[in-house]
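Accompanying notes for the structure given below.
The values are calculated or read from the model by the stated rules, or taken from the named source; none is laboratory data. For clarity, every value in this text was computed on a predicted model and none was experimentally measured. Neighbour counts are summed over all protein chains in view; Cβ atoms, including those assigned to glycine, are modelled from backbone coordinates with ideal geometry.
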There are 2 protein chains.
Amino acid sequence: MIKIDFSNLMQESLGSYGLARNDFDSVSATALSELQQTERYPENAFLGLPDADTAAIKDTARYAGEFDNFLLLGIGGSALGPRSILDAIYPFHNLRGKNKVLMYDNVDPMTLKSILDIVDLKNTVINVITKSGSTAETIASFMILWQRLKDLSLDPKKHLIITTDPSKGHMRSIVNDHGLRSLPVPQGVGGRYSVLSSVGLLPAKTVGVDIDEMLRGAADIHKSCLNADLWKNPAYLTASGLFLMQRLKNRDITVMIPYADRLKSFSEWFCQLWGESLGKEGKGLSPYPSTGTTDQHSQLQLWMEGPLDKVVIFLAVEDYGTDIEIPAVFQDIEGLGYLAGHSLAELIKIEQEASEIALTKNSRPNITVRVPAVNAYYLGQLFHFFELVTALTGILLGINPFNQPGVEEGKNLTYGMMGKKGYEEKKQEFLKYRSQKNRLVL
Amino acid sequence: MIKIDFSNLMQESLGSYGLARNDFDSVSATALSELQQTERYPENAFLGLPDADTAAIKDTARYAGEFDNFLLLGIGGSALGPRSILDAIYPFHNLRGKNKVLMYDNVDPMTLKSILDIVDLKNTVINVITKSGSTAETIASFMILWQRLKDLSLDPKKHLIITTDPSKGHMRSIVNDHGLRSLPVPQGVGGRYSVLSSVGLLPAKTVGVDIDEMLRGAADIHKSCLNADLWKNPAYLTASGLFLMQRLKNRDITVMIPYADRLKSFSEWFCQLWGESLGKEGKGLSPYPSTGTTDQHSQLQLWMEGPLDKVVIFLAVEDYGTDIEIPAVFQDIEGLGYLAGHSLAELIKIEQEASEIALTKNSRPNITVRVPAVNAYYLGQLFHFFELVTALTGILLGINPFNQPGVEEGKNLTYGMMGKKGYEEKKQEFLKYRSQKNRLVL
């Protein structure tokens, strides 16, 4: 099981910069039970994903695996989730694997052109992922790919797999009208909490990830996070610690730094989950994505000596799955010789702990999550654990962690300019802004 | 030339959340001339890089280009700089290019194992980049590769190119002792300001980037940033605006969001530059890396409705180099039909502007940098421009933007545990921390 070390949030480590045990008395004791109330939070269905049936996903993955290329069209959680699984379990996949996996999660024309240069659509299965069925970016690329298939006389029924709402939305209508292959995103599962649903599991299973192990990991951590006593519940205690660090100590930025290249995408996945769930009503915690040791040479200076506004979450890996010894070369040069006989795994672990000590000495709060290994089982734990932590932190902050009202305005302005019916006023507003802007340009 | 639009920092756009013209009267008028004083800032040599001679870099690149694979060993700026050039100019390079480029910027053993599985060292040139010649992570991987070459009876003189200090350090000694190929990192150029030196230009030129165009772009923007009057100097005005936004409005986080997948790595490069240069003495601005439109589905919610603590820097691309039209399919479905006839470039540009308008309406300050195209010329401008902005912002904040004292403690603790001479006390400190930590683990 992953283990969470809270020591360096506390006064015992940080003195007056740390939290006292009785600070936690002010934390709501009902956050966990509130989260479990489906009437209150209809989007809490991620809680049940570890036990969901995966037969349809496996069937579809078997089919998708027959193609040379897997092209994913989706944005936000629909790409971040799948990507974080693939990068963690099969690093450098596209330079080594049998099936190439390409993800188009933007509307950048150069990226799509590059992808279409690389893959032959004849040998490609296209997975379109949009829960709502109306995500403009995903729909735009879907329309383009639909036409390309037609131009090449390729059958959409053969080449498309649509992952969308089980009953509603434009994509579901198209699935029904054209008899396309599809998988449901379960009711009550929002995009950023969807990695353990068909959204993440279909791409994962297609390239060979053991999704049963992922879900078993998630189920195991879930069980350990059901205790209503926060001192016995790692997710509740993590949420409470981060909540109090903001409330009492103004620590507004949450840094996620896994010490493994394979978890860089996980860190980006976490940042969406954290930022979009918690940034509301003028409140919220800003996430920061990072990778160790790499970003010790990029961000550590700021965390050590910058403003006292951060909590750093280390993901410390115990077994890297391989190791390489540093050989005894250049032993005549004192500045190099000391490394000989040590191994890379030893060095990366020592650097993680050294950063932890250095931050703690400098009154900078931090949490260490011990990850026994980067595999499907523990990855499932990490996803589910941080989903729980995020939802609980939102509830403690008094924020609904499942909506994202702030993105509507930009969407509506875009709809207006693209000529969507009912958004004519937004077009006028957009054009008015453009023409009336007081420009100061150098 | 890239153009900077400051309108949405000002009261005319933001009302009381914006800056007034006379707020700028409090900004030091001497920051630019201070930056140019080499006695005061010996590490300001990045200012001269646009005019540096590149003959040796080109010769070396011609040699390196004969190999199938280019393996870069380096960390921090030594990898972020080269990567941001490659990703911008040759997206998906390793899936399409002639020369594969792999970068190892960590000590994660699984990553190095994966790289060594992918490349055949016989056909690989290895570029070791460390200014100081003693970066532990880079040295460790260098020692491993040295032994591998030996094991395969491959000649280090043939396979290695060392980019390091022109006269000092362990790597320079090794170059001299073994007669290795090398390039100098010019005196007074620190890691995070080195992208336009041999550090970035050798890998770039090896795969075919027009480095003369990069430097010409940098030289052109340099000229436009020499005016001592901040109202006529885009770098000075950007630095002043960000400085005042922090000082007067508590905007502590700087978001960098290019609207182009190809500039995602540029955003990460900027974050190192910004974070490591400015995070000091309890002060500093925290950077945040992002990509549009993708992160509208990840971070925009937080920027729109979270704490009033951010300034968003948009990089708006004018010419994407290609475009793809959205075809008129599914015209019977109203929620989709509106996109037909528009193009992806049109959509991504509208989305950028829509986000800008939405943020401005919500009193969230933002700057837009207009980038005519993503090519070598404008990329050179972007690098040099943001280096100027960073250095000037540091000087305005009263911070030396060229050092990084905060990373020493973690390094020293690592040295101690790895048995480096002179760091025995640090080892004791490390072990004492470990044994005396008051553990709170769930």
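Before we move on, is B:Gly169 on the phi > 0 side of the Ramachandran plot, without any contact (Cβ under 8 Å) to a residue 24 or more places away in the chain and either touching a helix residue (DSSP H, G or I) at 6+ places or on another chain (Cβ under 8 Å) or within 12 Å of chain A (Cβ to nearest Cβ) (or both)? Give the steps one after another, and end with the answer.
Details: on the phi > 0 side of the Ramachandran plot: yes; without any contact (Cβ under 8 Å) to a residue 24 or more places away in the chain: no; either touching a helix residue (DSSP H, G or I) at 6+ places or on another chain (Cβ under 8 Å) or within 12 Å of chain A (Cβ to nearest Cβ) (or both): yes.
Taking the combined requirement at face value, the residue does not satisfy it.
Among A:Leu80, A:Leu71, A:Leu145, A:Leu86, which is buried (at least 20 other Cβ atoms within 10 Å of the Cβ) and in contact with a Cys (Cβ under 9 Å, 6 or more places away or on another chain)?
Details: A:Leu71 fails: in contact with a Cys (Cβ under 9 Å, 6 or more places away or on another chain); A:Leu145 fails: in contact with a Cys (Cβ under 9 Å, 6 or more places away or on another chain); A:Leu86 fails: in contact with a Cys (Cβ under 9 Å, 6 or more places away or on another chain).
Answer to the selection: A:Leu80.
Residues are listed down the side, and each one gets a yes or a no for (1) over 28 Å from B:His297 (Cα atoms); (2) modelled with pLDDT under 95; (3) in the same structural domain as A:Asp25 (by TED's automatic domain parsing):
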{"residue": "A:Val199", "(1), (2), (3)": "no, no, no"}
{"residue": "A:Ile221", "(1), (2), (3)": "no, no, yes"}
{"residue": "A:Lys232", "(1), (2), (3)": "yes, no, yes"}
{"residue": "A:Ala235", "(1), (2), (3)": "no, no, yes"}
{"residue": "A:Ala239", "(1), (2), (3)": "no, no, yes"}
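I'm trying to understand the selection: among the residues of the range B:401-442, which are surrounded by 20 or more Cβ atoms within 10 Å (Cβ to Cβ) and of a type in the set (Lys, Arg)? B:Lys411, B:Lys420, B:Lys426, listed by residue number.
Only residues that are over 30 Å from the mean Cα position of the chain (by Cα) and either within 21 Å of B:Ser134 (Cβ to Cβ) or more than 8 Å from chain B (Cβ to nearest Cβ) (or both): list them for the range A:339-375, please. A:Leu339, A:Ala340, A:Gly341, A:His342, A:Ser343, listed by residue number.
Taken over the range A:75-97, the residue count meeting the criterion of being in contact with an Asp or Glu (Cβ under 6 Å, 6 or more places away or on another chain) and assigned to a loop (DSSP other than H, G, I, E, B) is 1. If the condition is being without any contact (Cβ under 8 Å) to a residue 24 or more places away in the chain, more than 20 Å from A:Thr111 (Cα to Cα) and crowded, with 24+ Cβ neighbours inside 10 Å, then the range B:302-356 contributes B:Leu302, B:Gly306, B:Leu336, B:Ala354. Any chance the range A:403-426 includes a residue that's among the polar types (S, T, N, Q), out of contact with any Gly (no Cβ under 9 Å at 6 or more places or on another chain), in a helix (DSSP H, G or I) and closer than 30 Å to A:Gly188 by Cβ? Within the range A:403-426 (the criterion being among the polar types (S, T, N, Q), out of contact with any Gly (no Cβ under 9 Å at 6 or more places or on another chain), in a helix (DSSP H, G or I) and closer than 30 Å to A:Gly188 by Cβ), the answer is yes, since at least one residue qualifies. Taking the listed residues B:Leu80, B:Leu86, the one that is more than 11 Å from chain A (Cβ to nearest Cβ), at pLDDT 95 or above and under 20 Å from B:Tyr193 (Cα atoms) is B:Leu86, with no other qualifying. Between B:Glu425, B:Glu387, B:Glu429, the distinction of being among the charged types (D, E, K, R) and within 32 Å of the chain's Cα centre (by Cα) belongs to B:Glu387 only. Scanning the range B:100-146 for residues that are of a type in the set (D, E, K, R), facing chain A (nearest Cβ under 9 Å) and out of contact with any Asp or Glu (no Cβ under 7 Å at 6 or more places or on another chain) gives B:Asp105, B:Lys113, B:Asp117, B:Glu137. Of all residues in the range A:1-48, those that are within 19 Å of A:Gly394 (Cβ to Cβ), in a loop (DSSP other than H, G, I, E, B) and among the aromatic types (Phe, Trp, Tyr) total 1. Residues being part of a helix (DSSP H, G or I) and more than 25 Å from the chain's Cα centre (by Cα): count how many of those fall in the range A:173-210. Here the count works out to 6. For the range A:405-442, a residue qualifies if it is small (Gly, Ala, Ser) and under 19 Å from B:Gly341 (Cβ atoms), and the qualifying residues are A:Gly416, A:Gly419, A:Gly422.
For the condition part of a helix (DSSP H, G or I) and more than 14 Å from chain B (Cβ to nearest Cβ), A:Ala56 qualifies.
If you check B:Gly406, B:Gly419 for being without any contact (Cβ under 8 Å) to a residue 12 or more places away in the chain, closer than 30 Å to A:Ile4 by Cα and touching a helix residue (DSSP H, G or I) at 6+ places or on another chain (Cβ under 9 Å), only one passes: B:Gly419. In this entry, A:Asn366 is excluded by the filter for residues that are surrounded by fewer than 23 Cβ atoms within 10 Å (Cβ to Cβ) and at pLDDT 95 or above.
Yes/no matrix, rows are residues, columns are (1) surrounded by fewer than 24 Cβ atoms within 10 Å (Cβ to Cβ); (2) out of contact with any Asp or Glu (no Cβ under 8 Å at 6 or more places or on another chain):
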{"position": "A:Thr163", "(1), (2)": "no, yes"}
{"position": "A:Met171", "(1), (2)": "no, no"}
{"position": "A:Arg181", "(1), (2)": "yes, yes"}
{"position": "A:Gly191", "(1), (2)": "no, yes"}
{"position": "A:His222", "(1), (2)": "yes, yes"}
{"position": "A:Trp231", "(1), (2)": "yes, yes"}
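Residues that are within 26 Å of the chain's Cα centre (by Cα) and acidic (Asp, Glu) do occur in the range A:15-34, at least one of them. Whether any residue in the range B:163-174 is in contact with a Ser or Thr (Cβ under 9 Å, 6 or more places away or on another chain), within 18 Å of B:Leu72 (Cα to Cα) and basic (Lys, Arg) is what I want to check. There is at least one residue in the range B:163-174 that is in contact with a Ser or Thr (Cβ under 9 Å, 6 or more places away or on another chain), within 18 Å of B:Leu72 (Cα to Cα) and basic (Lys, Arg).
Condition check for A:Arg370 on (1) basic (Lys, Arg); (2) assigned to a helix (DSSP H, G or I); (3) touching a Lys or Arg at 6+ places or on another chain (Cβ under 6 Å): one failure, at (2).
Need a quick list: strands (runs of 3 or more DSSP E) entirely within the range B:98-164 having at least 2 residues that are within 25 Å of A:Gln331 (Cβ to Cβ) and modelled with pLDDT of 95 or more.
Values: elements: B:100-104, B:124-129, B:160-164.
Those strands (runs of 3 or more DSSP E) span B:124-129, B:160-164.
If you check B:Tyr41 against the conditions, is it away from chain A (no Cβ under 14 Å) and of a type in the set (Phe, Trp, Tyr)? Yes; evaluated as a whole, the condition is true for this residue.
In the condition set (1) under 30 Å from A:Ser343 (Cβ atoms); (2) assigned to a helix (DSSP H, G or I); (3) in contact with a helix residue (DSSP H, G or I) (Cβ under 8 Å, 6 or more places away or on another chain), B:Glu387 is compliant with all but (1).
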